[in-house]
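Participant: Below you'll find the structure I mean.
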Amino acid sequence: MSRKASDNVEYTLRSLSHLMKEKRRKKDENAGERSLVAAESYTSINSQGATGGGGDLERAARRQFQRDVTPAFVYVVSVFSALGGFLFGYDTGVVSGAMLLLKKQMNLTALWQELVVSSTVGAAALSALLGGLLNGTCGRRPSILIASCFFTAGAVVLAAAGNKETLLAGRVVVGLGIGLASMTIPVYIAEAAPSHLRGRLVTINTLFITGGQFFAAVIDGAFSYLAKDGWRYMFGLSAVPSVIQFFGFLFLPESPRWLIQKGQTQKARRVLSQIRGNQTIDEEYDSIKNSIDEEEKEVGTAGPVICRMLTYPPTRRALIVGCGLQMFQQLSGINTVMYYCATILQMSGMQDDTLAIWLSAVIALINFIFTLFGVWLVEKLGRRKLTIGSLAGTTIALIILALGFLLSAQVSPPVTLYPRNSSSENSICTKYSDCNGCMLDPNCGFCYQANKSNIVESSCVPVDKKFNVKAALGRCSNESKTEELFWAYNYCPTPYSWIALVSLIIYLVFFAPGMGPMPWTVNSEIYPLWARSTGNACSSGVNWIFNVLISLTFLHTAEYLTYYGAFFLYAGFAAVGLIFIYGCLPETKGKKLEEIESLFENKLCTCGASESDEGRFKLTTHYLSTARGE
């Protein structure tokens with residue numbers, strides 16, 4: 001041991017003596033005040049002192065000293081891995097602004113817009129399922145390299161796309177990379193990180209996802225001024241981080257846990273030594289190997305894990321809660337907001353495409369900031385309170401958004417001009433008496449003149465089927481329109497468009513810290529060790545399925561139920577989710593993973609109510625006691 005390390009050990013031992021005295025005097029008072037790291041460090045040193053004497057104390061102190069000097073290589077591994085999360089966020093977020101340019105240049109119908117968005121999610125769901133097999137047979141590192149190749153190839157295809165079919169193919173290729181990266185990267189980081197940094201380093205991936213969405217929105221805004229081919233740069237720039245990740249991972253190691261699982265023990269020890277630097281790896285290596293041996297015994301002595309989960313009541317209830325959280329995360333409309341953000345702002349009456357794209361960048365920034373805020377809140381409020389408060393605020397925000405669209409519909413400008421000769425081509429649009437009915441029909445658009453804030457000489461006319469930025473006939477059918485003449489497709493002019501912007505901001509202020517990360521956090525905790533991988537795979541599958549369902553149907557839902565009807569529907573889903581979470585989600589804050597299984601021993605509808613019922617019982621008892629005293 002070096003002189004510096006020896007001094008550090010001596011200092012730690014002196015501090016230990018003082019702390020043990022303090023513990024005797026303030027055992028209960030200080031229990032809740034120590035931080036997680038401090039508590040873990042003190043407990044490990046104290047237990048070693050109780051059983052092994054001075055030599056064990058010195059080894060425990062040495063481990064604490066090594067913990068304080070985490071090698072920089074761990075952070076390098078985490079950052080290069082989290083580039084996959086950045087690409088996940090970028091490629092799902094960039095379509096929001098690109099769609100405003102694409103639907104004009106390629107004349108995309110509502111169905112094609114939904115296909116371009118949802119095809120990525122559908123491909124991601126497929127590759128996430130197949131990625132489990134790839135991870136098990138080839139390893140984490142090759143899986144991430146393959147994902148990087150998908151990201152790069154997809155970016156090239158999208159940037160060079162000459163028609164909507166090629167565009168769709170590029171989005172599918174990108175989706176394959178997203179699904180593979182989304183399930184591999186958190187596992188790789190968790191298996192490479194030291195235990196005291198695992199939560200923080202895995203969180204980097206989540207932050208990179210929201211950071212990627214924000215960066216995509218900024219890129220959308222920057223290239224929105226190129227009306228013709230700006231979308232090519234939006235899609236194509238995603239190749240840069242994917243190439244960086246690919247070449248970076250050529251020099252990064254495989255997961256040591258996967259190597260041990262495959263019997264490559266010597267290579268696993270070398271990788272652990274490389275990641276941990278000068279720290280002792282024997283204890284960690286033995287712990288990983290023993291854990292893998294136990295898992296293999298469990299698998300070898302029982303049937304399929306999913307069957308055991310469904311027949312054992314606590315894990316069945318946990319699976320229902322975990323899948324329910326993921327389902328209601330999507331049904332509350334988060335990916336409608338992120339994928340169609342600029343489109344929603346335009347639907348609300350915002351005429352300038354560039355302004356809508358830049359405002360969606362502001363909304364993406366808010367999502368990123370409040371995700372950071374949630375990382376701090378989760379250990380302050382706990383999972384249950386944070387999730388309930390988040391979903392309650394999300395429900396209110398969706399109601400406000402729906403009311404904004406309803407208010408705009410109530411003051412929708414009337415149609416004042418009707419064609420004298422109603423041809424068969426125009427007859428489908430002459431039946432509408434106001435802008436709201438006209439713009440809900442994908443075959444019609446609203447042509448009007450603006451005299452300051454007044455709408456005059458307005459008409460509902462057919463859309464040019466080849467180029468929906470103009471009408472098929474009449475005043476708005478050519479490029480020689482005057483400055484006072486406007487063509488509105490998919491929206492109506494209204495003074496209430498600001499309500500949509502404010503409600504979207506409120507939505508993400510509540511959603512980002514709670515319903516954003518909590519379904520993933522809770523699912524990582526509520527399953528016992530033997531069911532953890534399968535439980536997380538099932539809940540992730542539910543998330544992807546409902547992601548596809550919502551993103552594929554949003555525009556048609558808005559068309560058939562009206563814009564305000566669609567958001568009232570999402571608000572209803574969120575309200576049902578709030579009831580489900582209040583009744584079924586228990587609090588896991590501060591509990592050991594081994595203790596959480598007991599939270600699901602009661603009936604499903606009472607899992608989450610136990611803590612709140614206990615609080616109400618104590619409050620009632622207090623009031624009764626006070627009343628008797630009076």
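The numbers here are math on the coordinates, done by the rules we state, and not lab data. Note that the coordinates shown come from a computational prediction; the quantities given were computed from them, not determined experimentally. No Cβ is skipped: glycine too gets one built from the backbone with ideal geometry, and neighbour counts run over all protein chains shown.
Participant: Work from the charge dipole of the range 347-430 (Cβ charges, +1 for Lys and Arg, -1 for Asp and Glu, about the Cα centre) and give the residue of 356, 371, 406 farthest towards its positive end.
Facilitator: 371
Participant: Shifting gears a bit: Take residue 560 and residue 76, extend 7 Å from each Cα along the Cα→Cβ direction, and tell me the distance between the two endpoints in nm.
Facilitator: 5.5
Participant: Additional query: Given points 7 Å out from each Cα along the Cα-Cβ axis, report the residue 165 to residue 466 separation in nanometres with one decimal.
Facilitator: My value for the distance between the label points is 2.0 nm.
Participant: Quick check: convex hull of the Cα atoms in the range 70-252, volume per residue, rounded to a whole Å³?
Facilitator: Dividing the Cα hull volume of the range 70-252 by its residues yields 100 Å³.
Participant: Beyond a 29 Å Cα-Cα separation, which of these cross-linked pairs lie in this structure: 431/466; 164/431; 103/431; 164/452; 262/603; 289/591?
Facilitator: Among 431/466; 164/431; 103/431; 164/452; 262/603; 289/591, the Cα-Cα distance tops 29 Å for 164/431; 164/452; 262/603.
Participant: Here's a follow-up. So how strong a dipole does the range 141-234 carry about its Cα centre when Lys and Arg Cβ are +1 and Asp and Glu Cβ are -1, to the nearest 20 debye?
Facilitator: The dipole magnitude comes to about 80 debye.
Participant: Testing the spin-label approximation: label points 7 Å from Cα along Cα→Cβ at residue 553 and residue 225. State their distance in nm.
Facilitator: Calculated label separation equals 4.2 nm.
Participant: Another question, if that's okay. Mind checking which of 190, 149, 216 is farthest towards the positive end of the range 140-220's charge dipole, using Cβ charges of +1 (Lys, Arg) and -1 (Asp, Glu) about the Cα centre?
Facilitator: Positive-most Cα among the choices belongs to 190.
Participant: Once you have the Cα-Cα distance between residue 498 and residue 129, take 0.36 nm times their residue separation minus that, and quote the gain in nm to one decimal.
Facilitator: So the extension gain works out to 128.7 nm.
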